[in-house]
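A.B. asks: Sharing a structure with you now.
The values are calculated or read from the model by the stated rules, or taken from the named source; none is laboratory data. Source: prediction; values computed, not measured. Positions of Cβ are generated from backbone atoms using ideal geometry, with glycine treated the same way; all protein chains shown enter the neighbour counts. Quick note on the areas: whole protein, heavy atoms, side chains included, nothing else; ligands and nucleic acids left out. Shrake-Rupley method; radii C 1.70, N 1.55, O 1.52, S 1.80 Å.
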Amino acid sequence: MIYKMQPLHTNNPAVIRWVGEMTALCQPDNLVWCDGSEEEKKKLTEEAVAQGILIKLNQEKLPGCYYNRSKPDDVARSEDRTFICTASAEEAGPTNNWSALKEMYRKLHALCAGGMRGRTLYVVPYLMGPPGSSLTKVGVELTDSLYVVLSMRIMTRMGKVAYEHLGDGEDFNRGLHCMLEADPTRRYIAHFPEDNAIISTGSNYGGNVLLGKKCYALRLGSWLARKQGWLAEHMLILSAESPEGEKTFVTAAFPSACGKTNFAMMVPPAHFAGWKIRTVGDDIAWMKPGPDGRLYAINPEAGYFGVAPGTNSKTNPNATATISHDTIYTNVALTPDLDVWWEGKTKEPPAQLTDWKGRPWTPGSKEPAAHANSRFAAPIRNNPACAPEVDDPNGVPISAIIFGGRRGTTMPLVYQAFNWIHGVYVGATMGSETTAAATGAVGKVRRDPMAMLPFCGYNMGHYLNHWIRMRKKIPVPPRIFHVNWFRRDEQGNFLWPGFGENMRVLKWIVERTRGRADAQEAPLGWVPGPRDFDLAGMKDFNPEKLAQAQAINMEEWRREVLGQDDLFFELYAYLPKELMLQRELLVARL
Ligand code: OXD
Ligand code: MN
């Protein structure tokens, strides 16, 4: 096939050679080299609308916004189809699906052979991280999905900037996405860490196909981080500025769809006048020790790929503003005048909608109007609370790392680990109820070490060892905390109001890192005493309720420690002995 002559935007021989090989394999009818320009965005958006891939939303209400409806069986990450492909199964470890490298290449090359006939292959160069940072990495994604091209343009720094960073080097991620009609029987999300390569087939869902995000920044990122002595984590990054102008940077690891975006964009209640919370990132942190011995973090992404349901001007006003323009929505519901709606957007649903499957919907309909994992992709700069540091190549110094899951019982609102090693144990044993972000059962507690279970690109036991070893590389380590916004009383009501009120927890954390807040020693770690936690101005809350939210129930903790057994058993051969000791110490304290 001879492709129409067009600008390649790069002379990099390795890129040109690889694109040539993949083109020969997939045999698209057309080849388009993307440059990331505004004109290109306009042209590709028009094409996506003409082809029915995107629907243009009401431009008066939602300027620059478009809508995509996916196939109903392609709505979430497919963890059971996600593979780490290495020479030995041990490298992938017991918590990952493993495939022998050669075997998976053979299988996927056979699936992709001629897989783009009649279609266009887009070459999408992108940066993960701000230009000029030593952590920043280059990727090139080849995809036959216009939805992916336009979403990558939001989620990464896409275009010529990536080729400029790469120069004539060969160190870039080779990502091939062959959509194959989003056919679940041909769905594979395969990672080849030794080759810094990804092949994703048979899906068009963001988490499976926006290859810079989960695949590169987390799975391959974590592999590289271990080799090179840094951390690639499933964490938001926020800045908390006090009324005196003192900024404290914090990261937090919560599993998918457990409120990272809400926490990263939090608006403090009136009582905290003068405090400013700004977002550096809402999903991924790359962190490296800096010259002053502290841990510095960058957000490798340039956009938010957030869960729509539950988002409204009360739960997350900054997200509401962020997604009011230049956003791609997926699988939400549509109003007759082409506005968007999802469960929890307004108290009363509109009288008439088109649901995420394209069917007429009314409030009497049995199924939700929007899919539980319906999403928005919006540029990071849309956020009115975007931190000015997002483009700082040096990153931001981290004072606290917070772990947290979605737990209806057992876990108190907040506690602080005694030290780094204890904090690694707290993160490693994190449990959370599963959500709609991945296909499978929802609401089942699973162990999710550091919220990385689906995203660790190598042996989880080695990953926990890496965390333990990092202590020696960080002379001034962040303090480590655990939070749980989701604990319920016996009637099933949430014990803690959450959202903006989480500022109270954050303030205690900030003050702890600054050595200004007191704490009491408890079996789990340090906890705030009644005078150390600011409850002023709270309606329907009092110290008794706080005590209930903080309570340690021995029966629940017995089950909790036993519940850690599954993970410890699975990882036994690789588990750092420090974690076994921490477990013994916890049992002794309980
Ligand atoms: C995400 C996820 O999309 O964790 O961020 O699933
Ligand atoms: Mn995530």
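A.B. asks: Just the residues that are surrounded by 22 or more Cβ atoms within 10 Å (Cβ to Cβ) and outside any helix (DSSP H, G or I), please, taken from region 84-94.
C.D. replies: Of everything in region 84-94, those that are surrounded by 22 or more Cβ atoms within 10 Å (Cβ to Cβ) and outside any helix (DSSP H, G or I) turn out to be ILE84, CYS85, THR86, GLY93.
A.B. asks: Continuing with this model, one more query. Against the condition of a type in the set (A, V, I, L, M), within 16 Å of ligand 2 (Cβ to nearest atom), closer than 23 Å to ILE84 by Cα and touching a Phe, Trp or Tyr at 6+ places or on another chain (Cβ under 9 Å), how does MET452 come out, does it pass?
C.D. replies: Yes.
A.B. asks: Taking the residues in region 240-254 that are assigned to a loop (DSSP other than H, G, I, E, B) and open to solvent by less than 10 Å² (accessible area, probe 1.4 Å) as candidates, determine which candidate is farthest from LEU453 (Cα to Cα).
C.D. replies: SER242
A.B. asks: Taking region 224-239 as the search range and keeping residues that are at negative phi and surrounded by fewer than 24 Cβ atoms within 10 Å (Cβ to Cβ), which one is nearest to ligand 1 (Cβ to nearest atom)?
C.D. replies: Only one residue tops the list, namely ALA225.
A.B. asks: TYR296 - would you say it is assigned to a strand (DSSP E or B), farther than 30 Å from LEU506 by Cα and at pLDDT 95 or above?
C.D. replies: Judged against the criteria, TYR296 is not a match.
A.B. asks: When only residues in region 159-217 that are assigned to a helix (DSSP H, G or I) and among the aliphatic types (A, V, I, L, M) count, which is nearest to ligand 2 (Cβ to nearest atom)?
C.D. replies: That would be ALA217.
A.B. asks: For residues that are in contact (Cβ under 8 Å) with a residue 60 or more places away in the chain and not in a strand (DSSP E or B), scanning just region 225-235, find the one that is farthest from ligand 2 (Cβ to nearest atom).
C.D. replies: Among residues in region 225-235 that are in contact (Cβ under 8 Å) with a residue 60 or more places away in the chain and not in a strand (DSSP E or B), the one farthest from ligand 2 (Cβ to nearest atom) is GLY229.
A.B. asks: Also: Please go through region 258-273 and pick out each residue that is open to solvent by less than 40 Å² (accessible area, probe 1.4 Å) and either of a type in the set (D, E, K, R) or assigned to a loop (DSSP other than H, G, I, E, B) (or both).
C.D. replies: Of everything in region 258-273, those that are open to solvent by less than 40 Å² (accessible area, probe 1.4 Å) and either of a type in the set (D, E, K, R) or assigned to a loop (DSSP other than H, G, I, E, B) (or both) turn out to be CYS258, GLY259, LYS260, MET265, MET266, PRO268, PRO269.
A.B. asks: Now, a different point. Applying the selection to region 412-423, what residues are open to solvent by less than 10 Å² (accessible area, probe 1.4 Å) and assigned to a loop (DSSP other than H, G, I, E, B)?
C.D. replies: Selection gives PRO412, LEU413, ALA417.
A.B. asks: Now for a separate question. Mind checking which residues of region 174-220 are open to solvent by less than 10 Å² (accessible area, probe 1.4 Å), away from ligand 1 (no atom under 16 Å from the Cβ) and among the aromatic types (Phe, Trp, Tyr)?
C.D. replies: Selection gives PHE192 alone.
A.B. asks: Taking the conditions exactly as written (open to solvent by 10 Å² or more (accessible area, probe 1.4 Å), at pLDDT 95 or above, part of a loop (DSSP other than H, G, I, E, B) and away from ligand 1 (no atom under 13 Å from the Cβ)), does ASP283 satisfy them or not?
C.D. replies: Taking the combined requirement at face value, the residue does not satisfy it.
A.B. asks: Name, by its number, the condition in (1) open to solvent by 20 Å² or more (accessible area, probe 1.4 Å); (2) at pLDDT 95 or above; (3) of a type outside the set (S, T, N, Q) that does not hold for VAL426.
C.D. replies: Only one criterion in (1) open to solvent by 20 Å² or more (accessible area, probe 1.4 Å); (2) at pLDDT 95 or above; (3) of a type outside the set (S, T, N, Q) is unmet by VAL426, namely (1).
A.B. asks: Could you pull out the residue among GLU91, GLU103 that is under 24 Å from LEU231 (Cβ atoms) and not polar (S, T, N, Q)?
C.D. replies: GLU91
A.B. asks: Residue check, GLY167 against (1) over 30 Å from PRO475 (Cα atoms); (2) within 16 Å of ligand 1 (Cβ to nearest atom), all met but one. Which one?
C.D. replies: (2)
A.B. asks: Is one or more of the residues making up region 390-403 surrounded by fewer than 21 Cβ atoms within 10 Å (Cβ to Cβ), outside any loop (DSSP other than H, G, I, E, B), among the charged types (D, E, K, R) and more than 16 Å from ligand 1 (Cβ to nearest atom)?
C.D. replies: Yes, the conditions are met somewhere in region 390-403.
A.B. asks: On the basis of being in a loop (DSSP other than H, G, I, E, B), at pLDDT 95 or above and either within 18 Å of the chain's Cα centre (by Cα) or within 16 Å of ligand 2 (Cβ to nearest atom) (or both), does GLY306 make the cut?
C.D. replies: no
A.B. asks: Just the residues that are open to solvent by less than 70 Å² (accessible area, probe 1.4 Å), under 12 Å from GLY229 (Cβ atoms) and not β-branched (Val, Ile, Thr), please, taken from region 468-479.
C.D. replies: Matches in region 468-479: MET470 only.
A.B. asks: Take the residues in region 484-513 that are open to solvent by 40 Å² or more (accessible area, probe 1.4 Å) and under 28 Å from the mean Cα position of the chain (by Cα); name whichever of them is nearest to GLY431 (Cα to Cα).
C.D. replies: Ranking the candidates gives ARG488 first.
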